[in-house]
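Take a look at the structure set out below.
The values are calculated or read from the model by the stated rules, or taken from the named source; none is laboratory data. Every value quoted in this text rests on a predicted model; they were computed, and no experiment measured them. Quick reminder, even Gly has a Cβ in these numbers, built from the backbone with ideal geometry, and neighbours come from all protein chains shown.
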Amino acid sequence: MRIDFRESDPALSPARDLIAAMVAEMNELYGDIEGPNVPSATPADFAQPHGTFLVGYDDGEPVCAGGLKRLDEQAAEIKRMYVAPAARRRGVARALLEALEHAARARGYAVVRLDTGPRQPHAMALYRSAGYVDIANFNANPLAGYWGEKKL
């Protein structure tokens, strides 16, 4: 499978629709993931030139999305990674993660960080297999149970 990644405005479809599907799925697992104590992941957080939001297409259909948020001059955070259910278990999440890492390198970041919740062991396994190492809670996300970092 070859995924075509395109920079997209997360406030517009299809990015907005993929984010809404991700939020709905995460709300079922964790409750309100957009509450006041959760780190932000707004369209402004993904704004150029320091961030980006990617939508991946398979044969013209949007199947995944994820964003890159600046933390500081050296580090960015990967946020809002989501793969549509019909595209899962086909390597799409790994391709999305690699595309976001490539976008981080292109923006001059030396490190990417991310987190995931305890009810997503598959995500944790993906990140570790992609070379992320466990780190301390860097973003005070009360819903996360895993924090990882990868040097680019």
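Across region 1-52, what is the total count of residues that are touching a strand residue (DSSP E or B) at 6+ places or on another chain (Cβ under 7 Å), within 21 Å of D115 (Cα to Cα) and charged (D, E, K, R)?
Matching residues across region 1-52 total 1.
Just name the residue that is modelled with the lowest pLDDT out of those in region 1-31 that are touching a helix residue (DSSP H, G or I) at 6+ places or on another chain (Cβ under 8 Å) and within 18 Å of R88 (Cα to Cα).
So the residue we want is M1.
Looking at (1) more than 17 Å from A130 (Cα to Cα); (2) over 10 Å from the mean Cα position of the chain (by Cα), find the lone condition where A95 falls short.
Among (1) more than 17 Å from A130 (Cα to Cα); (2) over 10 Å from the mean Cα position of the chain (by Cα), A95 violates only (1).
Within region 7-23, restricting attention to residues that are without any contact (Cβ under 8 Å) to a residue 24 or more places away in the chain and within 15 Å of P85 (Cβ to Cβ), which residue is surrounded by the fewest Cβ atoms within 10 Å (Cβ to Cβ)?
First, pick out the residues of region 7-23 that are without any contact (Cβ under 8 Å) to a residue 24 or more places away in the chain: 12-13, 16, 20, 23.
Checking the rest, the ones that are also within 15 Å of P85 (Cβ to Cβ) come to 20, 23.
Numbers: A20: 12, V23: 16.
Top of the filtered list is A20.
Can we say A21 is in a helix (DSSP H, G or I) and either within 30 Å of G108 (Cβ to Cβ) or over 13 Å from the mean Cα position of the chain (by Cα) (or both)? Walk me through how you get there before you give the answer.
Details: in a helix (DSSP H, G or I): yes; either within 30 Å of G108 (Cβ to Cβ) or over 13 Å from the mean Cα position of the chain (by Cα) (or both): yes.
Yes.
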